[in-house]
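**Student:** Mind having a look at this structure? Questions to follow.
Nothing in this text is a laboratory measurement; each read-out follows from the coordinates by a stated rule. Quantities reported herein were computed from a predicted structural model and do not represent experimental measurements. For neighbour counting, all protein chains shown are included, and Cβ atoms are generated from backbone atoms with ideal geometry for every residue, glycine included.
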Amino acid sequence: MVMQDTRKTLGVFSLAMINVAAVLSIRNFPAMAIYGWTCIGWYILGTILFLIPMSMTSAELATGWPEGGGVYAWVKRAFGEKAGFIAIFCEWSGNLVWFPTALSFIASTLAFALTPDLAASKLYMFSVMMIAFWGTTLVAYFGEKASTRFSNAGVILGGIIPAVILIFFAIIWITSGRTIVLPSFSFSEVRILPEISLSTLPFFATVVLMFEGMEMAGFHALETKNPQSDYPRATLFSAILIFLLTVIGTLAVAFVIPEQELNLTSGVMQAIDYSSLPPTSPGFSNRWRCSSP
């Protein structure tokens, strides 16, 4: 009798959602929207030079050895235990920077949805950030299935659906005949390819960091029934979804909000709020004129 491995609980969709949760972030849309049509070129450059190579490399490494293990196991096998420790330490230390920014975005977005004055309250920001952080940590104690379901729900409700709503409202904005902030697209007049120079290299590093995290699913590759086929399929699906939602979502913000009035902290909610106003409305709602937290 063949015993079934109950640890292999992740499907292609769940594995893909791990990547989407790690990479897709609507909080980056406003920061890129200020570059207009040129953001397409930056995203394409980041995809070709980083997202695709990272996806292919992680897919190969995650399914190459039976013990799995993610970044630590990969680097340890190639360069030894000390190098593996340094690699996983860098991965961990990166979270020290990423978690506060992500949690502050969640807290500030919720504040703007309720009342903008809350965003200026340090007690509110701290409370919401801690509840979100320790709440997700607590879910992990209920096992792989519970954390997977929570992760899937989180990325759909907190990433994919907001991006789709943003794109939907931008379509309504365009089809209703209202003015698009960006100039009309033309290959002869609109610059899509970014200018590569020493002055723009720091910004390119920022674009690359926006696509960081595609290796996260590598930690769970062997928790699927067929890693050799499931992981590459999940990686391909997540990479395409991330690229499309990121590019179209950023343009949706750029279509609606003038650069001089774009709030980098609450730009996504600002765009949804503005694009949902009646066509005769004179402009932005006052709720978005508060300063960033």
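**Student:** Can you give me the relative contact order of the range 88-245 as a percent, contacts being Cα pairs under 8 Å and 6 or more apart? Before the final figure, lay out each step's value.
**Tutor:** Working: 37 pairs, mean separation 18.8, N = 158.
For the range 88-245, the relative contact order is 12 percent.
**Student:** When only C-alpha pairs under 8 Å and at least 6 residues apart count, what is the relative contact order of the range 54-152, in percent? Could you put the intermediate results ahead of the total?
**Tutor:** On the way: 48 pairs, mean separation 12.7, N = 99.
Once normalised by length, the contact order is 13 percent.
**Student:** Could you rank the peptides 232-241, 74-83 by their average count of other C-beta atoms within 10 Å per residue, with the highest value first? List each step's numbers first, then the result.
**Tutor:** Values: 232-241: 20.3, 74-83: 14.3.
So the order, starting with the most tightly packed, is 232-241, 74-83.
**Student:** Compute the distance in nm between two label points, each set 7 Å from the Cα along the Cα-to-Cβ direction, one at residue 44 and one at residue 150.
**Tutor:** For the pair residue 44/residue 150, the computed spacing is 4.1 nm.
**Student:** Please work out how much length the chain gains when fully extended from residue 13 to residue 82, using 0.36 nm per residue of separation minus the C-alpha to C-alpha distance, in nm with one decimal. All intermediate terms of the calculation are to be shown ahead of the outcome.
**Tutor:** Working: separation 69, 0.36 × 69 = 24.84 nm, distance 3.43 nm.
Full extension from residue 13 to residue 82 adds 21.4 nm.
**Student:** Once the other residues with Cβ under 15 Å from the Cβ of residue 204 are scored (Lys, Arg +1; Asp, Glu -1), what is the net sum?
**Tutor:** Working: positive: none; negative: 195, 212.
Residues near residue 204 contribute -2 overall.
**Student:** Another question, if that's okay. If we sort 92-99, 170-177, 41-48, 195-202 on the protection proxy, mean other Cβ atoms within 10 Å, highest first, what's the order? Don't jump to the answer; show the numbers that get you there.
**Tutor:** Numbers: 92-99: 11.1, 170-177: 13.8, 41-48: 18.5, 195-202: 9.1.
Output ranking for 92-99, 170-177, 41-48, 195-202: 41-48, 170-177, 92-99, 195-202.
**Student:** Same structure, new question: Please sort 19-32, 51-64 by packing, taking for each peptide the average over its residues of neighbouring beta carbons within 10 angstrom, highest first.
**Tutor:** Numbers: 19-32: 22.1, 51-64: 19.4.
So the peptides 19-32, 51-64, ranked by packing, come out 19-32, 51-64.
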